[in-house]
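In what follows, a single structure is set out as structure tokens and then discussed.
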Amino acid sequence: MEVSVVRPIPKSTSATADSTDPPATTFRNSEYTSGRASAYMEQGPISESGRETMSQRQTEMKLMALEPSDNLPPERVQDYKGRIRTWRGIILMCLIVGGAAAIITACAISENNDATTRQSRYENRSEERRRINDGLTDDGIIISDDGQVGNPKKYPDMGCELPDYQSKDGQIFAVSENGTEVPVGIKGVNWFGMETGLAIPFGLWENMDNGTSVYEVAAFLARNKYNSVRLPVCIKNILKNTAPQKTLINLNTNRAINITTYMSTLQTIIQALGYRKITVMISLHTLDTKKSGGAWYSDELDVTEAQFLSAVDILTKNLCTSKYWNILGLDLKNEPHECSWGGAAPDWQKGASLIGNRMLKGCPNWMAFVEGIASSGTVSVGDRTDTYYDWWGGGLENAGKNPVELTTENKVVWAPHYYNTGVFPAWYLYASTGAKDESGAFKTYVELDDDTLRRNVEITMDKMFGYLLGVDKNSAMVMGEFAGLYSKDAHPKKTTKRTTDFTIEVMLKAGYAGGYMWSLNPESAYQFNPADTFGTFTEGLLEDDWLTPNKAFMEAWPH
């Protein structure tokens, strides 16, 4: 392309023009490559005609300078065509490209926003699917950096110190290093599964039909003011560090739970509960995954006393840190029903003292929760005096005379069990009963009125363990297990349900430090419903889908 531009050349400053100089009217021509490259290309020699030559040129443009004349019209903008017109094109192209880029960017941003919105909706729906449907809102929702809702990769460090938990003045206190004391009342639940061969709390298999996650269980408990969980564990699982059964947990929706080992599972579950400020009491529940054991050692189950104490050491070594600030302590042995108290071996008074001191050696911050044995005695209710049998774990009749002896003060918490007629139709919970059949069910029964049933519950609780509040005014009393069948009670007058209601009334009236209802799990099984019918009847704080609260059961608790 060739473009000619007329431009003036200044007049010579010499008096006379050199004969070799070109005439004033001679055009001075310059040749360019690509319009702009002449500034960088090596220029050739100037010829007599004034031409500058260059090699490798692609586009030629001539610039001509003309001596101004008085007869010429004044210059106009239109006279400057070449470069101005070229830059106009570049500007136009820049505008087009810039506009296109802006449109593309806007579309990309819009698409990204739409994708983010879709992802957010999907994550919210996913969380809603595993949420326990209590109709309450949650102020502590965790949204991870990948957008997942209620499914953290790990739980944040709460920044809490491990307090010195103490049992004194009939209550539990968390005592900080600076001496500050905070009372700890317990509205708790049992959540079982880790004491079995599956080695993990039940309900975590979240799928399209049922199951949930640790995050949602903890959120549900916190929303409904439950502040503590009793976690049963197995001695052999601790010793072997048994990894949980993977099919019992959805790892995609329980990302923060590390099931590599038994201990890592326990640790991460405790952290998940701690995020919701829920304390944990670990129950040394079973010796073997298939059989509990009635003492802290058993030849039959191949667990020695030394092995039991080794399991205690493993727990204190791995859990007695500020990271697990929410552990209250250990239930030293669940339902030692084969033991005496202060009598023949195995003597649970000695066993509880031994295990409690071993725990305190490894973790002086924890408390020792001590259950009773299973003995019998005589009790009078109304006009009837008869033999009664302790609920397993409820027999503390001799603890007042032979207390547990620990090396550290303020560390004993009495943790008895008391159940209702779903576990066994005890005679003192009825006005009258007929003969029993071979299953243990009564052939006939007559239910009590409210006042009489309430009185009988209070008398028998006091006989078995409640009296300790008057004898040992220092140690707190916490029900380790109570309740059972509730809303499914088939008695015409709801004796099973009322027994639990009156148990709670007695706890509140007498000043118990709280209790752990049995249980969160809908798989909890009971044998009698009503007193004349033997079978298997299940009920828990959650319904069978693990997503629906048992509202009738929840209403039994004071809020």
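Below is a table of values for the structure above.
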read-out: Residue check for Y418: aromatic (F, W, Y), under 30 Å from G342 (Cα atoms) and modelled with pLDDT of 95 or more; value: yes
read-out: Test: residue in the range 534-545 that is under 22 Å from G185 (Cβ atoms), surrounded by 17 or more Cβ atoms within 10 Å (Cβ to Cβ) and in contact with a Gly (Cβ under 9 Å, 6 or more places away or on another chain); value: no
read-out: Failed criterion for T499 (all others in (1) farther than 21 Å from V280 by Cα; (2) free of Cβ contacts under 8 Å to residues at least 40 places away in the same chain hold); value: (2)
read-out: Tally of residues being surrounded by 21 or more Cβ atoms within 10 Å (Cβ to Cβ) and not hydrophobic (A, V, I, L, M, F, W, C) across the range 464-490; value: 7
read-out: Residue in the range 301-348 that is nearest to G274 (Cα to Cα), counting only those that are surrounded by 17 or more Cβ atoms within 10 Å (Cβ to Cβ) and in contact with a Pro (Cβ under 8 Å, 6 or more places away or on another chain); value: W325
read-out: Answer residue from the range 274-300, given it is without any contact (Cβ under 8 Å) to a residue 24 or more places away in the chain and surrounded by fewer than 19 Cβ atoms within 10 Å (Cβ to Cβ) and is nearest to R230 (Cα to Cα) among those; value: K291
read-out: Failed condition for K361, given (1) surrounded by 22 or more Cβ atoms within 10 Å (Cβ to Cβ); (2) assigned to a helix (DSSP H, G or I); value: (1)
read-out: Residue check for K240: in contact with a helix residue (DSSP H, G or I) (Cβ under 8 Å, 6 or more places away or on another chain) and either within 30 Å of D347 (Cβ to Cβ) or of a type outside the set (S, T, Y) (or both); value: yes
read-out: Residues that are under 20 Å from the mean Cα position of the chain (by Cα) and assigned to a helix (DSSP H, G or I), drawn from the range 310-338; value: N318, L319, S322, K323, Y324
read-out: Test: residue in the range 521-530 that is touching a His at 6+ places or on another chain (Cβ under 7 Å) and either of a type outside the set (V, I, T) or within 12 Å of D134 (Cβ to Cβ) (or both); value: yes
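Conditions (1) surrounded by 24 or more Cβ atoms within 10 Å (Cβ to Cβ); (2) in the same structural domain as H285 (by TED's automatic domain parsing); (3) at positive phi, marked per residue:
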position: T385; (1), (2), (3): no, yes, no
position: Y389; (1), (2), (3): no, yes, no
position: G395; (1), (2), (3): yes, yes, no
position: G400; (1), (2), (3): no, yes, no
position: E405; (1), (2), (3): no, yes, no
position: N410; (1), (2), (3): no, yes, yes
position: A426; (1), (2), (3): no, yes, no
position: Y430; (1), (2), (3): no, yes, no
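The values are calculated or read from the model by the stated rules, or taken from the named source; none is laboratory data. If you're wondering where the values come from, they're calculated on a predicted model, not measured in any experiment. In this analysis, Cβ positions are derived from the backbone assuming ideal geometry, glycine residues included, and neighbour counts consider all displayed protein chains.
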